[in-house]
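Take a look at the structure below.
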Amino acid sequence: MRPVIAALPDTLISQIAAGEVVERPASVVKEVLENAIDAGAQAIAIRLEEGGCQRISIQDDGFGIEHQQLHLAVLRHATSKIKSLSDLESVASLGFRGEALASIASVSRLSITTRTPEDDHAWQIQVNGGQTVGDVSPSSGNVGTTIDVQDLYFNTPARRKFLKSASTELGHCLDVVRRIALSRPDIGFAIWHNGKVIERWPSQSIAERVDAILGEEFKNHRIPIEVLQGQLSVRGFISQPTASRARTDMQFTYINGRYVRDKVIQHAIRAAYQDVLHGDRQPM
């Protein structure tokens, strides 16, 4: 029988697209944290339940979303960060695709509570499995935005069964938060898991944030670097050759504030240490 071409329904399109954005709870944490930073947040609270599989709640004190635009925030390809090709070629924000919230909403029970400095009160929108529940309604809350994601993959059990244990998923979430927190020491972060605080970093200097996250071993062997050449600058901390590891898990590199894991950069780091590190040892 000859196959028939047919357009997919919008709900299925969103769920397929969600697979590209929301691989696991850590993907949700990354996308929402980037939005919070783009919104000018100075303090961000992350609350997780069962490694993020049951619930992810991220609260920021940024400038919020105008309640007239809340319904747009959960639509695919809707964003305030780019409007033309020239914007795309010089994008300066972290999240800009307009896909994150729509993808998250299509595979979870999502609520957004937000308040701008001009509003007298907060507003809320709820989306279950890609379907908006009711209208945008008044709510309580401080200036900023709270993204509450519950029951991830409740409507796509085939995806849910690929999730690992709560402790494994929690580890991935913490890795994401640590990578982002290292790049923005000016922002305070607090992380709860199942109601208990497990990490808390106030707004601090880059050296203080690095020491808090990477620990005593790196603190005792770090060397600050700052180099300017033309329009390029490189700054941060490197370890003395006497402090090395078997893996590259203590290498964090960023371009314009965005975490990157790039083979060219990793090769350059390894080459710089080649005369002072033996075998397969890796610098921090």
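Within segment 247-277, track down each residue that is over 21 Å from E217 (Cβ atoms) and in a helix (DSSP H, G or I). Listed by number, the residues that qualify are K263, V264, I265, H267, A268, A271. Just so you know, in segment 1-19 the residues that are open to solvent by 50 Å² or more (accessible area, probe 1.4 Å) and assigned to a helix (DSSP H, G or I) include one that is farthest from R160 (Cα to Cα), and it is D10. For W192, which of the numbered conditions (1) over 17 Å from the mean Cα position of the chain (by Cα); (2) at negative phi; (3) in a strand (DSSP E or B) fails to hold? Of everything listed in (1) over 17 Å from the mean Cα position of the chain (by Cα); (2) at negative phi; (3) in a strand (DSSP E or B), W192 misses just condition (1).
From the list V177, V149, V136, which one is of a type in the set (V, I, T), open to solvent by less than 60 Å² (accessible area, probe 1.4 Å), in contact with a helix residue (DSSP H, G or I) (Cβ under 8 Å, 6 or more places away or on another chain) and over 13 Å from I46 (Cα atoms)? Give the derivation first.
Details: V177 fails: over 13 Å from I46 (Cα atoms); V149 fails: over 13 Å from I46 (Cα atoms).
Residue meeting the stated conditions: V136.
Every test in (1) open to solvent by 20 Å² or more (accessible area, probe 1.4 Å); (2) in contact with a Gly (Cβ under 9 Å, 6 or more places away or on another chain); (3) assigned to a strand (DSSP E or B) is passed by L94 save one, and that test is (3).
Can you confirm whether S203 is farther than 23 Å from S14 by Cβ, part of a helix (DSSP H, G or I) and open to solvent by 60 Å² or more (accessible area, probe 1.4 Å)? Show your work before the answer.
Values: farther than 23 Å from S14 by Cβ: yes; part of a helix (DSSP H, G or I): no; open to solvent by 60 Å² or more (accessible area, probe 1.4 Å): yes.
Taking the combined requirement at face value, the residue does not satisfy it.
Restricted to segment 20-68, and to residues there that are assigned to a helix (DSSP H, G or I) and of a type in the set (A, V, I, L, M, F, W, C), the residue that is surrounded by the fewest Cβ atoms within 10 Å (Cβ to Cβ) is V21. For segment 162-169, the criterion of being surrounded by 18 or more Cβ atoms within 10 Å (Cβ to Cβ) and closer than 30 Å to K219 by Cβ is met by at least one residue.
Residues in segment 206-246 that are open to solvent by less than 50 Å² (accessible area, probe 1.4 Å), touching a residue at least 40 places away in the same chain (Cβ under 8 Å) and in a strand (DSSP E or B): S239, S244.
The values are calculated or read from the model by the stated rules, or taken from the named source; none is laboratory data. All values derive from a computational prediction rather than experimental measurement. Glycine gets a Cβ as well: all are built from the backbone with ideal geometry, and neighbour counts include every protein chain shown. To get the accessible areas, we keep the full protein, side chains included, count just its heavy atoms, and leave off ligands, DNA and RNA. Shrake-Rupley method; radii C 1.70, N 1.55, O 1.52, S 1.80 Å.
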